[in-house]
Amino acid sequence: MKTKLLAASAVVAMLAAGGFAAHAAAKAPAKPAAHAAPTAAEAKAFVARAEEALAKESEYASRAQWVQNTYITDDTNWLTAKANAEATDLSVRYAKEAARFNGVKVDAVTRRKLELLKGGLVMPAPGRPGASQELADIQARLDTAYSTGKVTIDGKTMGLDDLDDALRTERDPAKIKAMWDGWHAVAKPMKGDYAKLTALANQGSRELGYPDTGALWRSWYDMPPDDFGRETDRLWAQVEPFYKNLHCYVRARLNDKYGDAVQPRKGPIRADLLGNMWAQEWGNIYDIVAPKAGAGLNYDLTKQLVDHGYDPVKMVKTGEGFYTSLGFSPLPDTFWKRSQITRPRDREVVCHASAWDIDNKQDLRIKMCTRVNADDFFTVHHELGHNFYQRAYADQPFLFKNGANDGFHEAIGDFVGMNALTPTYLKQIGLIDTVPGAEADIPLLLKRALDKVAFLPWGLLVDKWRWEVFSGRVTPEQYNKAWWDLRLKYQGVTPPDERPADAFDPGAKFHVADSTPYMRYFLADIYQYQFYRAACRQAGWNGPLNRCSVYGDKEVGQRFQAMLELGQSKPWPEALKTFTGEDRLDASAITEYYKALNDWLTQQNKGEACGW
Ligand code: X8Z
Ligand code: ZN
């Protein structure tokens, strides 16, 4: 099962509170006294009980999940599903009991905690006996199918991490398509389970008073769920013209390289040609789209990492170094002993990167199948952001041990990663010899935009699709068509071929198979630029924004830490304000950062029929 408030553990997996073992009965919510109107004192006592029990369960489940994630077998799946089912039951019961205090006047902290308890599940099961176990079993099957999926290409068996690696550099359209088709075929058998899981979670959400699970997910942002939906559209409208400009430019360069038969000059882009399985980040095809005129980027970060003898542990140490330069304490020894930094040789694991806080205190870990390349260099900073956030809010009460919202949690490490990718910083740590001059600004911006601006429509559409699925507007027969309709509408991409009738392409993405909400990454893609703009202002930077790095700036670090320490104790606009002075999501931070690139793209696109 998934709960949000118990998610302090695995940040990507957003998994459960612990299953409860022998002493479960003692921790079950006390039965409400029949007919008595509840009092504020009872509410407070209830919250205290819930926090204590949920904290214990969270640790139990985290440990089970860690073992399962790093050693997938029938038995670890069984144990984890059992723990998750028990934890779902417990959380659902607390959510229902919290609703008993709806009309009761209580202090602000207790009210916030009650609201968090009511909405704290990600995939709630209905209360009937056996439902939570059924939900947990289905989830375990989907997770295993995804994480152990294999594709055979030219007699070679490849897992997703191998495919991912190959897609970075493969430039033969037929070979690319074979890998893309192969991976999407892995998702086909998931469709039936996915439909069952959706129905179960919807029943559970309705019992908690939400129209469907999508409405539950939209209720996490300190505003009415419908307003949140509109916020995402407002933000998209702010960045859409820039995305279309980037799309137009990239499509033309792909057409130059591959010709009309592979990538026409007009219409959508073939989704498999962008250097990433989901066309979510395009930085790997920088070589195809790099500006011709003038000097370009004079280094390739992947090559620099390899040439400087980096290994995965050194990448993580380097990431930690950025945080300590801001004044954060080094990671505990247990982090280095217990993390999974590379893929173990002889067993199946969940390779999708995640960060964990096992005991909600200091047992922090990452779980990655790190490779020495620029993407993973960034991902290391991303994951450590989760860990440093977890540690910063470790002194909060259990229900506030979380990000101000889930977008904040995803944005912390990305903000640090943005700094860590600046040439100034790379030179400071000896990864490059010279900082390229002003002539490299457009190339630098383009490289970043290929990853970060290309991501925006994708970050938006994954949950647009799920919201439709949960609401019932999209039925299982329409899953795949609705998926590609959204991919066309927002990303302007199309599959390399007509899709088979039984395809279930959304299942080819980790977060869909794993039921991890995705709008958080769209939000994070905006917050991180707000954080960055604010940090650079605080640091007194007045050069081009993309050249700013706050490495070593302890004052900025201190202010940043002050925001992180709040955890989820305050509505997110307050947390945002403490660091940036702003209290709204504002995509102007991203359009400002890329202004010079957008102007340049407009020039380059003269004569092209942009759009699709
Ligand atoms: O899932 C992740 C992180 C773990 S929280 C590696 N990300 C999204 C993805 O991979 O799809 C980071 C960027 C978006
Ligand atoms: Zn993350």
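A compact table of results
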{"quantity": "Loop-located trypsin sites (Lys or Arg not before Pro) in region 318-403 whose Cβ has at most 11 other Cβ within 10 Å (DSSP)", "calculated": "Arg345, Arg347"}
{"quantity": "Structure-based [θ]222 nm, the chain - -39500 (n - 2.57) summed over DSSP H runs of at least 4, per residue, nearest 500", "calculated": "-18000 deg cm²/dmol"}
{"quantity": "Spin-label pair Thr475/Thr342, simplified geometry with 7 Å Cα→Cβ offset, distance in nm", "calculated": "5.1 nm"}
{"quantity": "Gain on full stretching of the segment that runs from Glu498 to Val313 - 0.36 nm per residue minus C-alpha separation", "calculated": "62.4 nm"}
{"quantity": "Glu608 versus Ala166: modelled label distance in nm, points set 7 Å from Cα along the beta carbon direction", "calculated": "2.9 nm"}
{"quantity": "Contact order relative to length of the chain, as percent, for alpha carbon pairs under 8 angstrom and 6 or more apart", "calculated": "19 percent"}
{"quantity": "Chain lengthening between Asp583 and Asp256 when straightened (0.36 nm per residue, less Cα-Cα)", "calculated": "113.3 nm"}
{"quantity": "Residues Ala199 and Ala45, FRET efficiency given R0 of 41 Å [Cβ-Cβ distance, rounded to 0.05]", "calculated": "0.70"}
{"quantity": "Separation between Cα centres of region 520-559 and region 330-395, rounded to whole Å", "calculated": "23 Å"}
{"quantity": "Total charge dipole magnitude, region 300-409, about the Cα centre, Cβ charges on Lys, Arg, Asp, Glu only, Debye to nearest 20", "calculated": "240 debye"}
{"quantity": "For the chain, with +1 on Lys and Arg beta carbons and -1 on Asp and Glu, the positive-most of Gly119, Val106, Tyr527 along the dipole", "calculated": "Val106"}
{"quantity": "Links that overshoot a 28 Å alpha carbon limit, given the list Lys244/Lys554; Lys175/Lys266; Lys177/Lys464; Lys177/Lys244; Lys427/Lys595", "calculated": "Lys244/Lys554"}
{"quantity": "Normalised contact order of region 340-427, rounded percent, pairs of Cα under 8 Å and 6 or more residues apart", "calculated": "26 percent"}
{"quantity": "FRET efficiency for Asn542 and Thr73, using Cβ-Cβ distance with R0 set to 45 Å, rounded to 0.05", "calculated": "0.20"}
{"quantity": "Relative contact order (%) - region 165-317, alpha-carbon pairs under 8 angstrom, separation at least six", "calculated": "21 percent"}
{"quantity": "Length gained when the stretch Arg100-Asn298 is fully extended (0.36 nm per residue, less Cα-Cα span)", "calculated": "65.0 nm"}
{"quantity": "Qualifying aspartates and glutamates (Cα of each under 14 Å from Cα of Lys577; at least 8 residues distant if same chain)", "calculated": "Glu565, Asp586"}
{"quantity": "Charged-residue dipole, Cβ positions (Lys, Arg, Asp, Glu), the chain about Cα centre, Debye nearest 20", "calculated": "680 debye"}
{"quantity": "Label point distance in nm, Gln362-Arg234, each placed 7 Å from Cα along Cα→Cβ", "calculated": "4.3 nm"}
{"quantity": "Burial ranking of peptide ranges 437-445, 482-490, 306-314 (average Cβ count within 10 Å, highest at the top)", "calculated": "482-490, 437-445, 306-314"}
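Coordinate-derived values only; no laboratory data. The structure displayed is predicted, hence computed values, not measured ones. Here Cβ is always computed from backbone atoms with ideal geometry, including for glycine, and neighbour counts include all displayed protein chains.
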